[in-house]
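As structure tokens, the structure follows; a few thoughts come after it.
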Amino acid sequence: QFPFGRRLPCDIYWHGVSFHDNNIFSGQVNKFPGMMETVRKITLSRAMRTMQDLFPLEYNFYPRSWILPEELPLFVAEVRMMKDRNPSWKPTFIVKPDGGCQGDGIYLIKDPSDIRLTGSIQSRPAVVQEYICKPLLVDKLKFDIRLYVLLKSLEPLEIYIAKDGLSRFCTEPYQEPTLKNLHQVFMHLTNYSLNIHSGNFIHSASVNTGSKRTFSSILCRLSSRGADVKKLWSDIISLVIKTIIALTPELKVYYQSDIPAGKPGPTCFQILGFDILLMKNLKPILLEVNANPSMRIEHEQELSPGVFENVPSPVDEEVKVAVIRDTLRLVDPQKKKRKDTQCLLYPGVADGKLQLKPVKIQVKYGMKDKQHKHHSLKLSLKLKFYLKLGSCQSVEQAPEAGEELPEAALPSLCLKQVFPKYAKQFSYLRLVDRVAALFIRFLGVKGTTKLGPTGFRTFIRNCKLSNSNFSMAAVDILYIDITRRWNSMGIDHKESGMCLQAFVEAFFCLAQRKYKSLPLHDQVASLIELCECRLAALRGKRLLWG
Ligand code: ADP
């Protein structure tokens, strides 16, 4: 730990909350710039809405959502329209403050008029979302799944999913929402941080009982009841890939702004926490994505009134240690060089051929150690580190040169690669990614995430999108209209100009004008192809002149 900053470059930087250090020029950082902003409730809902507009069927795993306060009139109008069409529809909605976590400020409503408009909604924007009324129940309780996902690289896109996750249970038996039970958080909200305060919360030493269990234990139960668990996993994988595809355009804008291409900088990776709800029919629904999921493997226990102690939590340990261990194995900076490295060899485990990278752990003590004492301390620490990584409890002695730890001593990877493995199936969804590439191209200067009016004009000119029906004056009006509206509702007021989402909206407008008769998806795809083609031709010409 470097509480006061660090002087020497490191292989891996493990930041606590977010990417915040602009003085890193090499190595790997465990956070992406802008991830916190990208997965906030409002930004996520916007990104999902864009994808739902383009691919309604593919993105139906995210509940219909409206952004407050700006979409309140739309929310009211749409609900009224749907009720008129189907008078037997008795929906429930969940209101979630933007940037909130752990269930903070969340409440359920039956009618748009129940939104609490007093003061806070203006100062604290929120998302209102269709409430999933028929979740899958286990032991009569609602539960959700926390799955850990490693975004190993953005370009090229590399995604891994942990084979096991956590299931977090409510502590009151579930009933479909009625005006009487709407406020019962222990019945409707699965947050651990809330339910821990219920007298019914059960801390269990086993991974398949209690209020927090492994997801695999739930799958076992479902499988024994004849459920198609393979299909469920494949739906979950598809949900994760599609969600990350929806997030990448925004992430790429932040990335180029903090780590410009062609200049020395670190690469990034990040462990994300996906919160997923299963419907009665086993359809997975995305609730949210956490940029900074808790990696705690202990919980607090009250020994006597006011006296707390941290005790190990076997379920958390089972899932989370494997996620961190395998993330380190996957981002291992020495991997490529491993053949050349001198490895430590261990006694007592004869078969297999694991080659461990030498890990430098520097321990500085204030006390005066004799040389050999210091050395043995270092060795035992090194060993402990390996043991944690490998969960290889049988090795007790310190290593001696010339002995080897077998591959078999490390458990098989719990992180399973899903992208690029399934890239072929999902690549057609990456349309907004290509719009973002156009946006980034015209951003130009390092450090910006917003496009100025000149950049937008250059984009129109280079792609030859203006003509007698669409003059440059009309282009300027389009820019001003959309930018002003987005900036009036945006969270980021630091920079002026057109943000990515505003550019995407302008791009969709241009596509609709140009290809009137096509469905939205085809309009956008056609305009992207046209722009890419014209820019490639322009580059060719410039090269020729050059
Ligand atoms: P937070 O970040 O505050 O935990 P979430 O979006 O995760 O906010 O919501 C908190 C809890 O509310 C979830 O864990 C889930 O139990 C419940 N919940 C959230 N959205 C829905 C929904 N659309 N339908 C049903 N339950 C939901």
- [ ] Please verify whether the range 260-269 includes one or more residues that are in a strand (DSSP E or B), over 30 Å from residue 28 (Cα atoms), among the polar types (S, T, N, Q) and open to solvent by 50 Å² or more (accessible area, probe 1.4 Å).
- [x] no
TODO: Filter the range 286-324 down to residues that are among the acidic types (Asp, Glu) and either under 21 Å from residue 161 (Cα atoms) or open to solvent by less than 70 Å² (accessible area, probe 1.4 Å) (or both), then give me how many there are.
DONE: 4
TODO: Look at the range 177-194 and say how many of its residues are assigned to a loop (DSSP other than H, G, I, E, B), crowded, with 21+ Cβ neighbours inside 10 Å and over 22 Å from the mean Cα position of the chain (by Cα).
DONE: 1
Open item on the list: Of all residues being within 19 Å of residue 92 (Cβ to Cβ) and basic (Lys, Arg) in the range 29-81, which is most open to solvent (accessible area, probe 1.4 Å)? Just the residue, please.
Closed with: 80
Task: Filter result for residue 209 (more than 13 Å from the ligand (Cβ to nearest atom), without any contact (Cβ under 8 Å) to a residue 60 or more places away in the chain and among the hydroxyl-bearing types (Ser, Thr, Tyr)) - done: yes
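Yes/no per residue for (1) more than 9 Å from the ligand (Cβ to nearest atom); (2) in a loop (DSSP other than H, G, I, E, B):
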| position | (1), (2) |
| --- | --- |
| 103 | no, yes |
| 155 | yes, yes |
| 160 | yes, no |
| 167 | yes, no |
| 175 | yes, yes |
TODO: Working only within the range 105-118, note down all residues that are within 16 Å of the ligand (Cβ to nearest atom) and hydroxyl-bearing (Ser, Thr, Tyr).
DONE: 107
Open item on the list: Tell me yes or no: at least one residue of the range 529-542 is surrounded by 14 or more Cβ atoms within 10 Å (Cβ to Cβ) and either touching a strand residue (DSSP E or B) at 6+ places or on another chain (Cβ under 6 Å) or in a loop (DSSP other than H, G, I, E, B) (or both).
Closed with: no
TODO: State yes or no: is residue 144 surrounded by fewer than 19 Cβ atoms within 10 Å (Cβ to Cβ), within 14 Å of the ligand (Cβ to nearest atom) and under 27 Å from the mean Cα position of the chain (by Cα)?
DONE: no
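If you go through the range 57-80, how many residues are under 18 Å from residue 430 (Cα atoms) and under 21 Å from the mean Cα position of the chain (by Cα)?
In the first step, residues of the range 57-80 are kept if they are under 18 Å from residue 430 (Cα atoms); the result is 57-62.
Restricting the remaining residues to those that are under 21 Å from the mean Cα position of the chain (by Cα) gives 58-62.
Number of matching residues: 5.
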- [ ] Filter the range 17-28 down to residues that are in contact (Cβ under 8 Å) with a residue 60 or more places away in the chain and either within 30 Å of residue 95 (Cβ to Cβ) or not in a strand (DSSP E or B) (or both), then give me how many there are.
- [x] 8
Open item on the list: With the structure loaded, tell me whether residue 197 is without any contact (Cβ under 8 Å) to a residue 12 or more places away in the chain and open to solvent by 20 Å² or more (accessible area, probe 1.4 Å) or whether it fails that test.
Closed with: yes
Task: Hits in the range 424-452 - residues which are at pLDDT below 95 and either acidic (Asp, Glu) or in a loop (DSSP other than H, G, I, E, B) (or both) - done: 444, 445, 446, 447, 448, 449, 450, 452
Open item on the list: Testing residue 398 on (1) open to solvent by less than 60 Å² (accessible area, probe 1.4 Å); (2) small (Gly, Ala, Ser); (3) modelled with pLDDT of 75 or more, one condition comes back false. Which one is that?
Closed with: (3)
Open item on the list: Among the listed residues 488, 526, identify the single one that is open to solvent by 20 Å² or more (accessible area, probe 1.4 Å) and under 21 Å from residue 250 (Cα atoms).
Closed with: 488
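The values are calculated or read from the model by the stated rules, or taken from the named source; none is laboratory data. Keep in mind the model is a prediction, meaning the values are calculated, not measured. Glycine also receives a Cβ, built like all others from the backbone with ideal geometry; neighbour counts cover every protein chain displayed. Side chains are part of the model used for accessible areas, which takes the heavy atoms of the whole protein and leaves out ligands, DNA and RNA. Shrake-Rupley method; radii C 1.70, N 1.55, O 1.52, S 1.80 Å.
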